[in-house]
1. Provide the FRET efficiency to the nearest 0.05 for the T407-K435 pair, computing r from the beta carbons and using R0 = 22 Å.
2. For K32, which aspartates and glutamates qualify as cross-link partners when the Cα separation must be under 14 Å and same-chain residues fewer than eight apart are set aside?
3. Among the DSSP beta bridges whose two residues both lie in the range 251-385, what percent are antiparallel, rounded to the nearest 5?
4. Consider just the alpha-carbon atoms of the range 355-444 and return their Rg together with their Dmax, both in angstrom.
5. Could you work out how much longer the chain between E117 and E257 gets when fully extended? Use 0.36 nm per residue separation minus the Cα distance between them, nm to one decimal.
6. Mind putting a number on the dipole of the range 101-161 about its Cα centre? Charges go on the C-beta only, +1 for Lys and Arg and -1 for Asp and Glu, and I need it in Debye to the nearest 20.
7. I'd like the FRET efficiency for Q380 and E94, computed as 1/(1 + (r/R0)^6) with the beta carbon distance as r and R0 of 30 Å, rounded to 0.05.
8. Just reorder E163, E390 by solvent-accessible area, largest first, 1.4 Å probe, all chains present.
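The values are calculated or read from the model by the stated rules, or taken from the named source; none is laboratory data. All figures in this text were calculated on a predicted structure; none of them were measured in a lab. Here the Cβ positions follow ideal geometry from the backbone for every residue, glycine too, while neighbour counts run over all protein chains shown. Side chains included, ligands, DNA and RNA excluded: accessible areas come from the protein's heavy atoms. Shrake-Rupley method; radii C 1.70, N 1.55, O 1.52, S 1.80 Å.
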Amino acid sequence: MAAKVQPTYKGKRYRLEKPELLAPAGNLEKLKFAVHYGADAVYIGGQKYGLRSNADNFSFEEMREGVEFAKKYGAKVFVATNIYVHNEDIEGIEDYLRNLHEVGIAAIIAADPAIIEVAQRTVPDLEVHLSTQQSTLNWQAVKFWKEEGLPRVVLGRETSLEEIAQIKNHVDIEIEAFIHGAMCSSFSGRCVLSNHFTDRDSNRGGCCQSCRWKYDLFEDAREENWVSEEQTELAQEAPLPSSFKPGVTQIPLFQTEDNPFTMGSKDLCMLEHIPDLIEVGIDSFKIEGRMKSIHYVATVVNVYRQAIDSYMADPDNYELKPEWLEELNKAANRPLNTGFFYDTPDHEDHIYEPEDKAVPYDFAGLVMDYDAESGTALIQQRNHFKPGQEIEFFGPDGTFFKQVVGTIMDEKGNELDAARHPLQLIRMKVEQPVKYFDMMRKRK
C-alpha cells in the first residue's frame, strides 16, 4: 500500500496526524541535540529580523548544515523573522528571505505584515507561520490569516484550551502553541520596559528581561510634603540609588530584611496535560528557550517526546510517568505552572521573591563511542568531573541510569585524577550500554 502523500499547501491544510514537537535551537550544536533527542522540527534565528539578538544565531552556511542534518532524521528547520519592522529594517528583507529559501528552510515565523507580504511575493514556496507576537487569540483572526494564505498560526500565549477548541471548530488550519518554557510578563511579548531602562528594543530582539531584575519599592516625598519621623528614619537607613532627584525624599516601602521582588512569571509546563493538548487539536507543541543550555534542550525535548509517543501509541491506557516529571525538574530554572490554558494566572503565578530552586545539574560529558566487549565508553568532557562522583547517563528512547565514576583514562591509557580540560576525550567503565550522543550529567 502506497504511503499517504501530504498535499502541498494550496489554501487548505489537513490537521497533522501526530502533534509536531517543535524545539528551540540557539546554535548549530543545540539544533543537533534537539533533533537527536526527538524534535520533529526546530526553530532558529538568523543574523537579522529575529527576537533573540543575544543568542548565537545562525549564518546562512550554518543554516544549510542544520537543514541537511535535520533532513537525515526527518526533521524541519524554521527561522524566526518575528521582529516588528521599522523603516530602516525594510531594505534587505527580500535578499534575506531568498537566502533562507535557498538554504532549505521549511518556514519562517513572522509577525509583521511587511515581512509576510514580501515573503509571499518573492519566495512563495517558503511557508509563513504567524508568530505569537501577533497576539492571535480568536477564531475570526485565525480565519483572517488563513485567508491571507498562511498555513499555520502560533497562538498568543494568553489563549485558553477552551478558546483553542473553538478556533479548531471554526477554522481548518494548523495551530501551534507554546507548551513549555518562560512566559513573558507582558501581553505576548509586547513590552517596552527594556527600551526605557536600557535603550534595547524588546520587539527588535534586544529584550534585557528587565521583568526578571530584582526591585525595591520606594515612594517619593517632596520636601514641601509632611513626612513622619518614622518614614524619615527609614529613608535614612535604606541604601538609595545615586540617580534620585534632589529635593525628593525617597521613602522605602519595604523593611531592610525583605527580599527584593521581580515581576517575572512562573515558567509554563504542560507535561501533565499531554492528553488535553492532543485532544483539543493543537498541531505543534512548541518549547521556548533558544537561549537555554544544551542540557535543558535535550532534557525537555526527550521528556516530551516520550510522553507524546506514549499517548499516541495507546491513548486509552496512557499514564504520566513520575520519572518524566523528575527529569523536567532537573532542567527547571523557575517554578512551573500551566499558564493561561485552564485559568487566568494570578499573583500566585508570579515570582515576587527568591524561589525554591530545583537541584541544578551540569552537562558533564557526551558519549562519543561505546565498546560492548570491554564495557567502556569514550566520553567528550563538557564540565569538570572526577572519580568518586555520582553521575547520570540519559539519552533518547528512555536511556537512563546512575553510577559512580570509577577510573578514568585519557586516550593514551594514562590514568587521570579528573577530567578537567574542555572537550577532553576520556575512557571509563559504564554499568550499562550507552550510545553515541547519550549525555552524562552531574549535580553542580
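1. About 0.50, to the nearest 0.05.
2. D40, E62, E65, E68, D438
3. Working: 8 of 10 bridges.
Close to 80 percent.
4. Considering the range 355-444 through its Cα atoms, Rg and Dmax are 12.6, 47 Å.
5. 44.9 nm
6. Numbers: 5 positive and 8 negative charges, 45 e Å.
I would put it at about 220 debye.
7. 0.10
8. If we order E163, E390 from most to least accessible, we get E390, E163.
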